[in-house]
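Laboratory data are not the source of any read-out in this text; all were calculated from the coordinates shown. Small disclaimer: the values here were computed from a predicted structure and weren't measured. Heads up, the Cβs are rebuilt from the backbone with ideal geometry, glycines too, and the neighbour counts pull from every protein chain shown.
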Amino acid sequence: MSAYQRLDMRQGQSLVMTPQLQQAIKLLQLSNIELAEFVAEEIERNPLLERGENAPGADAAPEGEVDKSKGRDELALDGSEGMGNARDAVDASDSDMYEAGTGSDEARTANSQSGPSASTDWSSVGSGRGGEDFDFEGSLTSEKSLHEHLHDQLSMAGLSQADSLIGARLIDETDDSGFCKVELDEVAKVLGADPANVAAVLEVCQGFDPTGVMARDLTECLGLQLKERDRLDPVMQTFLDNLQLVAKHDIKGLSEVCDVDKDDVMDMIAELRSLSPRPASGFATEATIAVAPDVFVREMPNGMFAVELNSETLPRVLMDKAYYAEVSALPMRDKEKEFISECAANATWLIKSLDQRARTILKVASEIVRQQDAFFAHGVAHLRPLNLKQVADAIEMHESTVSRVTSNKYMATPRGLFELKYFFSAAIPSTGGGEAHSAEAVRYRIKQLIDEEGDKILSDDKIVEILTEFGIEIARRTVAKYRESLGIPSSVQRRRILKASA
């Protein structure tokens, strides 16, 4: 068989993702904070884009009335039909500027008399604001951090320059809880120091305030605190070396290991409780950023649920068409014309992508509320099993799109703030072939049973029997898995805890 080259022409189909399409997909999965950063970068990069603000003096609907001609970013759900449509934020024919971000100023004005909205009663939910005059940045303190506190003490410890360098490295390796879990041999290798010298410097640093700081594990941390109290005798050290028995409330095992009676063990446990497992808990850490909800859900007087976008988290972007026309009329070289045209195309696509993102989030959130209406009406115990395919089929979108929309998105409801992914859970079969139960609802029932068990500790097998009576078909190992995920100890450990507290 001879080998030769030839040129063939074939016709085929393939899916090619343009950069604009990739950008639209990327925007879907961004959180509101990440989206704001992305838009800020685009505005800085594109001279035709500028940040839009709510237009002052906008016409508001009369009190108690909704201007239906303007529409609203709200959908009222009763399990069948929605009320209202999302406003089209991109209208090139009526304005000299493109605008992105589905604002709902009219909707919030119209709803100010009927219930909470994104700009009034809901302002303190997940947004980190308590009112218009609240200055969040002004409320942040400039307390000294743990590392600054330790470095100050290191500078006054009287160590040599080499030892101070080792101490500074060990302080930098200390986490926010006050533990220094780095391997001393690694520090010695990096700094070219003697491991024994590194250990000696660490011992000096462990004498810094607060007591117990820079310990390598919990046992050493508690030991440092007991040592300062002059209570670290051999029996107490043995007690600390067997903290796993303390966690299991195995009083008998501790008594045998420490060779003391039960009363002495209880005294040592009481002394252990007076210590701090996190020596650096009193020091300032990085400021926590409050989660701002992307969607609001509220119950209406007729029993339906209204779903509304949080317009405060939606960036409003404008393209100045007048400036674009002015610049385009100027004499330019080919590269300059290409640059302006590209900026105009990117600006238009970004605005449309932001608008489509807002519409998609509203559509997915509305379907979630429709599917989980029993949860909003009656609580966690009535959460239904739900997966991405069910929502995707209902709104005629792909599962991957729904997955991106539900990532890092939050919903503020009368029952609290929830991530959209919270409403998706596996199905637990029902006895007798009835309607399946949500795994999250079953987990909630297990917690309820254990919270109400009192003196009669329920074993996992007993919990299975009780759940079966509720019509839930579940295995004992599944009960144990859900119990462990809730951080609830076993029935044996709960009996020991009950006995120790008696």
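At 0.36 nm per residue, minus the direct Cα-Cα distance, what do residue 389 and residue 14 gain on full extension? Give it in nm, one decimal, please. Kindly include the intermediate steps, with their values, before the conclusion.
Values: separation 375, 0.36 × 375 = 135.00 nm, distance 2.48 nm.
That works out to 132.5 nm of additional length.
With viscosity set to 0.692 mPa s at 37 °C, what whole-number translational diffusion coefficient in µm²/s follows for the range 146-273 from Stokes-Einstein and a Kirkwood radius over Cα pairs? Let's see the in-between values first.
Values: Rh = 16.0 Å.
It comes out at roughly 206 µm²/s.
Based only on other Cβ atoms within 10 Å, what is the fewest-to-most ordering of 45, 483?
Least crowded to most crowded, the residues run 45, 483.
Sequence-distant or interchain residues sharing an amide H contact under 5 Å with residue 215, placed H: which?
The answer is 180.
Which of 156, 397 has the fewest other C-beta atoms within 10 Å, and how do the rest follow up to the most?
156, 397
Is the range 426-501 rounded, prolate or oblate when judged by the Cα gyration tensor, a ≥ b ≥ c being the square roots of its eigenvalues, rounded requiring a/c under 1.5 and prolate requiring a/b larger than b/c?
Judged from the Cα gyration tensor, the range 426-501 comes out prolate (a/c at least 1.5, a/b above b/c).
Arrange the peptides 292-298, 377-383 so that the one whose residues have, on average, the most other Cβ atoms within 10 Å appears first.
Top to bottom by mean Cβ count within 10 Å: 292-298, 377-383.
Between residue 436 and residue 490, how high is the FRET efficiency from 1/(1 + (r/R0)^6) when r is the Cβ-Cβ distance and R₀ = 30 Å? Nearest 0.05.
Working from the Cβ atoms, E equals 0.65.
Pairs 248/421; 26/421; 26/389; 227/499; 144/189; 421/481: which are spaced more than 23 Å apart, C-alpha to C-alpha?
Working: 248/421 34 Å; 26/421 18 Å; 26/389 21 Å; 227/499 30 Å; 144/189 31 Å; 421/481 20 Å.
Where the Cα-Cα span goes over 23 Å, the pairs concerned are 248/421; 227/499; 144/189.
If packing is taken as the average count of other Cβ atoms within 10 Å, what order do 232-238, 206-212, 253-259 fall into, highest mean first?
Result, highest mean first: 206-212, 253-259, 232-238.
Show me the ranking of peptides 178-190, 444-456 by mean Cβ neighbours inside 10 Å, starting with the highest.
Numbers: 178-190: 16.2, 444-456: 14.0.
Result, highest mean first: 178-190, 444-456.
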